[in-house]
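As structure tokens, the structure follows; a few thoughts come after it.
Just so it is clear, none of the values below were taken in a lab; they were calculated from the coordinates. Quick caveat: nothing in here was measured; it's all calculated off a predicted structure. FYI the Cβ positions are ideal-geometry reconstructions off the backbone, even for glycines, and counts take in every protein chain you see.
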Amino acid sequence: MLGGTNNHYNCPVLFGFKWPNFSGCAPFDDPDYTINNKSIREFTSPWFYVRFPNESKVLDYEGRGIIEEIYALPNHELYVSAVVYYNGSNLMYFFDTSFTIKNMNVNDIFHYELRPDQGSNAWDAVDRDTFMDDMSKIKFWNGETWVDTFAVNV
């Protein structure tokens, strides 16, 4: 399991390969998309691919997050931390074994760090409930399209 950022969608991503196929490329909605003059159809997507929301659309600034940490927790949950470039904080996701979000939170930096426009904190610029709701809308690639529930590329 690996994390990173997707340059096309400008968002954090999480993906995994299934042995023995340790290659692939990010999925795209456009079947005519090309990579190094080759059609996207010539490449295989990873076994699973998760696209997280781009926080810059919610926080109204230009930038994109990246997956910074991935941990398997003793309670069988998965912890995934995405950097919020808006103020250098982290958005923390806790998933169960079916990739359902069990909990989400932001770290203290998000609460207390000055906004880029020097306001008092991030919550002065955005409604907390709206932000958390928008950032919970992760998408999964099922091999053909983006869906709202965990899927693998078959």
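Some points to look at:
- Radius 13 Å from Cβ of VAL80, net charge of other residues (Lys, Arg +1; Asp, Glu -1): -2
- Using R0 = 30 Å, the C-beta based FRET efficiency linking MET1 and ARG128 works out to 0.55.
- Placing a label point 7 Å from the Cα of SER136 along the Cα-to-Cβ direction, the residues of region 87-108 with a backbone N closer than 14 Å are 92-96, 100-106.
- Available extension along the chain between MET104 and TRP19 is 27.6 nm, counting 0.36 nm per residue and deducting the alpha carbon span.
- Note on ASN36 and ASP148: the extension gain reaches 37.3 nm, defined as 0.36 nm multiplied by sequence separation minus the Cα-Cα distance.
- Charge tally for ASN103 (other residues, Cβ to Cβ under 13 Å; Lys, Arg +1; Asp, Glu -1): -1.
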